[in-house]
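Scroll down for the structure; my scribbles are underneath it.
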Amino acid sequence: MGHGASRLRRLVHEVAKFGAVGGAGVLVNLLVFNLVRHVTDLPVVRASVIATVVAIVFNYVGFRYFTYRDRDKSRRTRELTLFLLFSAVGLVIENGVLYTATYGFGWDTPLQNNVFKFVGIGVATLFRFWSYRTWVFRALPAREAVADAESILEREQRTRQRVP
């Protein structure tokens, strides 16, 4: 199998893991949104922002410890800062769609709120996927990845040599 095929396979695997965490994050986002709307009198966009923030925290944990657990962990402060920065841009995109639908077009029924919340999440997700994989959860440089793989292989070989 060629180099391009293995790169494509890795990208598909990454997209699947991103989608699993992101899908769960969408559910968290929508559940919190509707819960806040149900139990408070907050305006729709404020309720949405609260839900988005809860989902951002949920997603960071999922991305760091599941989707991108093999990525560079040496600069956690930088990683978290960039994650929050790009998440804030995503929050503005997501809630900007809802704000425009609600206040710009007057689409303000519970169904319309959920539809445009979902559309906003979709548009913001495209931006988040690109920004997280490009800037936040950076791939280990190839040299480090090779060194890591070699040290794992050496450790396995030492372990095998000790077994009678």
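The values are calculated or read from the model by the stated rules, or taken from the named source; none is laboratory data. What you see is a predicted model, and the numbers here were worked out from it, not measured in a lab. Heads up, the Cβs are rebuilt from the backbone with ideal geometry, glycines too, and the neighbour counts pull from every protein chain shown.
Can you name the residue in segment 85-134 that is crowded, with 20+ Cβ neighbours inside 10 Å and of a type in the set (Lys, Arg) and, of all such residues, is nearest to Ser48 (Cα to Cα)?
Lys117
Using the structure shown, decide if Asn95 is modelled with pLDDT of 95 or more and touching a Leu at 6+ places or on another chain (Cβ under 8 Å).
No: the conditions fail for Asn95.
Hey, could you check segment 1-49 for residues that are among the β-branched types (Val, Ile, Thr) and more than 15 Å from the chain's Cα centre (by Cα) and say which is surrounded by the most Cβ atoms within 10 Å (Cβ to Cβ)?
Taking the candidates together, the pick is Val44.
State yes or no: is Phe33 part of a helix (DSSP H, G or I), touching a helix residue (DSSP H, G or I) at 6+ places or on another chain (Cβ under 8 Å), within 20 Å of Leu111 (Cα to Cα) and in contact (Cβ under 8 Å) with a residue 40 or more places away in the chain?
For Phe33, the condition - part of a helix (DSSP H, G or I), touching a helix residue (DSSP H, G or I) at 6+ places or on another chain (Cβ under 8 Å), within 20 Å of Leu111 (Cα to Cα) and in contact (Cβ under 8 Å) with a residue 40 or more places away in the chain - is met.
With respect to Glu14, is the statement that it is within 16 Å of Thr125 (Cβ to Cβ), of a type in the set (Asp, Glu) and not in a loop (DSSP other than H, G, I, E, B) true?
Yes: the conditions hold for Glu14.
Hey, Leu42 hits all of (1) assigned to a loop (DSSP other than H, G, I, E, B); (2) within 16 Å of Phe127 (Cβ to Cβ) but one; which does it fall short on?
The failed condition is (2).
With the requirement that a residue be within 12 Å of the chain's Cα centre (by Cα) and exposed (fewer than 15 other Cβ atoms within 10 Å of the Cβ), what does segment 51-79 give you?
Val57, Val61, Tyr65, Phe66
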